[in-house]
């Protein structure tokens, strides 16, 4: 067992080093689930309303494709499992694969693993320690989900199966990331390839669930849902996932024995010896660095937009006579339920797009702390120009990302409703949210200039906007809190008419924050 | 000093919270000279360079770079200089060649022939992604980018950390060429052999202050020369002569260190015993350097001795002549 010497010490070290990250992951997933469960309880107060949901969702291909098989919808538990659906499982898988990639290949790529391995630590100990920590996270998550759902009064067996299905799926993707970390030298490739597997798993079960269910048996997410929480629980599909996980761990171990430290089984490719013409200044560099991110977020929002647009035409049927749900969707204040739904969908897309915008603007700070700003600023590039280059990508990129979301929604809704003019209408409606997104970019820039160590506050601001936007009505938040979010000050088309004044005011505020941040950055020390 | 100074710093002070990183630092670098900037880790070398690059703002004191204010005129001044940080941090997705080209374009002078020549001399593969470069190779990317420019001032902050001795030799050749072209170099370094081989003048700093500055010759004059003599009659009374240290006399052989500025009087005393043979060794830069930090070393040795560790009593002599 010398190959595992030091495993427990390393595991304790990881748990301590990443304690905040671990807690945030677990707490946010549990919170997501419990808030959904709470809102489902609020939306379906009576058995009659639940029975209505069966008729609404039971044969709705779009809802099934995004949530999962329609099973046990006439019970509160089944409804919760359906509403959290495949999305919840995807988030758990993401947590596991991101944590595993970070603890294995990322450490190796950064050169820290070399130092660790030079000590009295077994060959497989760092990987085993990573696996122990990620497993513990999944076990804890499963326990908290079970306890939380049971605490809300749902049946214990169903809660247990739902919790277990989360943990089991998480473990499977941890093992998959472990295998990918042996094959490639690059952490991003680990994330990308496992993300692709996750996407394929989602698509397979979507196709399977909409059809006769056969294809779902090829998907790990399918196995988790075939355990049928709250709908006649079956444990054995989870055993398939556990068996596959075991196989993947064995595979990762075998592969690890066949490679050198720092290397992958596949050697990395080279690149051009000469820079392309586009890489000719700070803007060219900022575009090059963030190109992939803009494309990725745009693709994601486009796909989500398609999902939203696809169900828009059925929204009247889905909601039926459910008063609570009508209220939630009608928060945008529109007359037509469909328009209200579309407004809410576009708001969601804009909130997600704001995530891109903040991350992109905060690239300024990460470039600075990684000491990559210094050599650029030591050339004839002024601080103003360097900041402007990254902000151009953040501001311009958010136009592209939001447009992709609006386009996806418009295309899907245009096709299902047979009404092509929906495309420009919803595209425009998505772009109306831009000033609010830019305001968050302005906030991030102001923080970067004035309070560089506190740039994370920009994320907290987005979190507030999300809570206000998503749960504002449900949680009955006070009005002043809702008014903090710039998104609440933008009348949301298509449900409401556009007010040019508010757009101009918010854009001006964003510009003011940007110039405050830039002014402060030009006066402060770099680094 | 040759011509008007390229860099002139006087009484520079910079504090970070409670830490006083620079405490009245002075530095003068003449145009066309290669100036060595020596000091241990944390002595303020990088802080000084960052102020000269306009990345940090000094609390007080004066700094002039190429005749301008490094903070207010940063952009204009940066057109005329090239900088290599001590730890070159690169964008992992870009190749070395792309990064070198980017910097060339940011500086606005692209000399393709020189770029290719430097890539060959430093044996750097420009098609590799920066994420796969070792520390030494990252450093080479920074060096090729800076040396390929025709900037009149090179600011190099420990540029050769991580380079192997072969590449160190290539680097020294390149700096000699830069010097021959009349360009100025500020070379912060830990590698004393490199400074000794390249620099016209040097400044030794400690705790944010300049403690010594001058040519290597001048600095040597401020310290001790090792002397080994054989005399006709045994030397006596040597220890009482001012400026003589660490005397050991065995019969007709005497070995001691003498303060270089007292050498004349010391040698007159020795001559009275009849000189048979004489070997003298000027101090190496390492000894010069260690002398500036003698008290730090002595303290560390005392601590080590208390803890029961053996420590070699004096640094090994390297190089030097007679």
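Going by how many other beta carbons lie within 10 Å of each one, how would you line up B:144, A:197, A:467, fewest first?
Ordered by Cβ neighbours within 10 Å, fewest first: A:467, A:197, B:144.
Rounded to the nearest 5, what is the percent of antiparallel bridges among the DSSP beta bridges in chain B?
In chain B, DSSP labels about 70 percent of beta bridges as antiparallel.
Counting only other chains, what is the mean number of Cβ atoms within 10 angstrom of the Cβ of each residue in peptide B:241-249?
Per residue, the average neighbour count from other chains is 0.
Binning at 10 angstrom from zero up to the longest distance, how are the C-alpha pair distances of segment B:5-219 distributed in percent?
For segment B:5-219, the binned pair fractions read 8, 35, 37, 18, 2 percent.
Quick one: grab the alpha carbon gyration tensor of segment A:480-527, order the square roots of its eigenvalues as a ≥ b ≥ c, and give me rounded if a/c is under 1.5, else prolate or oblate depending on whether a/b is larger than b/c.
In terms of gyration-tensor shape, prolate.
Fewest Cβ neighbours within 10 Å first, please rank A:223, A:236, A:217, A:25 accordingly.
A:236, A:217, A:25, A:223
Counting other C-beta atoms within 10 Å, which of A:295, B:227 has the fewest, and how do the rest follow?
A:295, B:227
From the helices alone, meaning DSSP H stretches of at least four residues, give me the mean residue ellipticity at 222 nm for chain B, per-run term -39500 (n - 2.57), in deg cm²/dmol to the nearest 500.
That calculation yields -9500 deg cm²/dmol at 222 nm.
Relative to the first principal axis of the alpha-carbon coordinates of chain B, what is the inclination of helix B:96-107, with its axis defined by its Cα atoms, in degrees from 0 to 90 and to the nearest 10?
For B:96-107 against chain B, the angle is about 80 degrees.
For chain A, rounded, prolate or oblate, judged on the Cα gyration tensor with a ≥ b ≥ c (square roots of eigenvalues), a/c < 1.5 rounded, else prolate if a/b > b/c?
Cα axes put chain A in the oblate bin.
Using only alpha carbon positions, build the gyration tensor of segment A:333-399, then give the equivalent ellipsoid semi-axes as the square roots of 5 times its eigenvalues, largest first, whole angstrom.
So the equivalent ellipsoid measures 38, 11, 6 Å along its semi-axes.
Against the longest principal axis of chain B, how steep is helix B:135-147, in degrees 0 to 90 to the nearest 10, with axes from Cα atoms?
With rounding to tens, the tilt is 70 degrees.
Rounded to the nearest 5, what % of DSSP beta bridges with both residues in the protein assembly as shown are antiparallel?
Percentage antiparallel, nearest 5: 70.
Go ahead and estimate [θ] at 222 nm for chain A from helices alone: -39,500 (n - 2.57) per DSSP H run with n ≥ 4, summed, over the residue count, rounded to 500.
It lands at -24000 deg cm²/dmol.
Quick one: angle between helix B:112-121 and the longest Cα principal axis of chain B, in degrees between 0 and 90, rounded to 10, please.
Relative to chain B, helix B:112-121 is tipped by roughly 40 degrees.
Please compute, for peptide B:92-98, the average count of beta-carbon atoms on other protein chains lying within 10 Å of each residue's beta-carbon.
Average neighbour count from other chains, rounded to a whole number: 6.
Just counting partner chain Cβ atoms within 10 Å, what average do the residues of peptide B:75-88 show around their Cβ?
3
Every read-out reported here was derived from the displayed coordinates using simple, explicitly stated rules and does not represent laboratory data. Everything numeric in this text was worked out from a predicted model, so none of it was measured. Don't worry about glycine lacking a Cβ; one is built from the backbone with ideal geometry, like all the others, and counts go over all protein chains shown.
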